[in-house]
1. Remind me, relative contact order of the stretch 262-376 in percent, using alpha carbon pairs under 8 angstrom and six or more residues apart?
2. Classify the stretch 58-128 as rounded, prolate or oblate, taking a ≥ b ≥ c as the square roots of the eigenvalues of its Cα gyration tensor: rounded when a/c is under 1.5, otherwise prolate if a/b is larger than b/c and oblate if not.
3. Once the piece of chain linking residue 268 and residue 63 is laid out straight, how much longer is it, given 0.36 nm per residue of separation minus the C-alpha distance between them?
4. For a protection proxy built on the mean count of beta-carbon atoms within 10 angstrom, sort 364-371, 115-122 highest first, please.
5. How do 170, 42 line up, fewest other C-beta atoms within 10 Å first?
6. Using 0.36 nm per residue, how much length does the chain from residue 20 to residue 324 gain when fully extended, once their Cα-Cα distance is taken away?
7. Taking a ≥ b ≥ c as the square roots of the Cα gyration tensor eigenvalues, with a/c under 1.5 meaning rounded and otherwise prolate when a/b beats b/c, else oblate, which class fits the stretch 26-181?
8. Measuring from centroid to centroid over Cα atoms, what is the spacing of the stretch 162-183 and the stretch 285-361 in Å?
């Protein structure tokens, strides 16, 4: 998986869901502005076919934006942004050609519609890229204004009228993207610090957990045994039996820890763990250990949800991890005990997070829930 981009969608997948309606509004508003403007000036269109083609281009741009920014898909990348803006510029150029001798680019719908789409991308792309897109669009509109001709004064006015909405919304979108990303990163740093402190306090204050590892055995079994032998000054059969038992316990713990991944331990800690079988987690190569901390947290969240007896049959839950070249493919399945619509609504936030952290995310929510995704090997 490529390095995490500094966008709201990747850094805070759940938080980006709040801006999803604004993205859809932009995807719909751009074609709507184009349609209304074209209908108002259609009698004066020099090339009606070009006017219709322009509407098709801008509608396609809005459709691509709406589909590729779905929370169920991998976060929109640079290619998506380039495609949306390229279609918007194609629509603007075609519309200008349709009304070439009637009105300048500054009076056409192209700049406003394009600016709306640039703004709608601010949740999904870095601030610098939003500024770049706005700059490229502005240059194209200035070029169109120059090509449309006229005296220097009219060309200047037309160019300013065309680039003003593009620059204004691009700057606004970039400022939004930069500010939100900075806030999320600051919160994440603070949260990481506080979490580290909390974990350390838990380790110090919970001796019961400490007894479960080999250090706990040394502290609570070996040390008292040695003290007792030193006090007695001799070793009897009871001491030998206890020493043998302690050695066996240490060997068992070390073998168990060597054979288990964090995913195995997670499965054993789930509420319905007693219903799981040996096939519930299949990770022969222990590739679960290659997941990042963020990916592990997302995996934990989805498995805890799918192991809920009120939602699924916990005994049917299975996690399969297979190696594929430089990648690892994960398949999670479970038998649903809830209506597909209800389950889909419940899993939406989790799938959004998976799409932001993993690659090749696909899912099928029916009587059997199936989630597929992949990540890079270390």
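1. Details: 180 pairs, mean separation 28.2, N = 115.
Relative CO of the stretch 262-376 lands at 25 percent.
2. Working: a/c = 3.08, a/b = 2.31, b/c = 1.33.
Verdict is prolate for the stretch 58-128.
3. Numbers: separation 205, 0.36 × 205 = 73.80 nm, distance 4.46 nm.
Using 0.36 nm per residue and subtracting the Cα-Cα distance, I get 69.3 nm.
4. On the way: 364-371: 15.2, 115-122: 26.9.
Ranked by mean Cβ neighbours within 10 Å, highest first: 115-122, 364-371.
5. Working: 170 27, 42 13.
By the 10 Å Cβ count, ascending: 42, 170.
6. Numbers: separation 304, 0.36 × 304 = 109.44 nm, distance 3.36 nm.
The residue 20-residue 324 span can extend by a further 106.1 nm.
7. Details: a/c = 2.49, a/b = 1.46, b/c = 1.70.
Here the stretch 26-181 falls in the oblate category.
8. After rounding, the separation between the Cα centres reads 35 Å.
Taken together, the values in this text are just the output of simple stated rules run on the coordinates, not laboratory data. Predicted, not measured: the structure shown is a model, and the values here were computed from it. All Cβ positions, glycine included, derive from the backbone under ideal geometry; neighbour counts span all protein chains shown.
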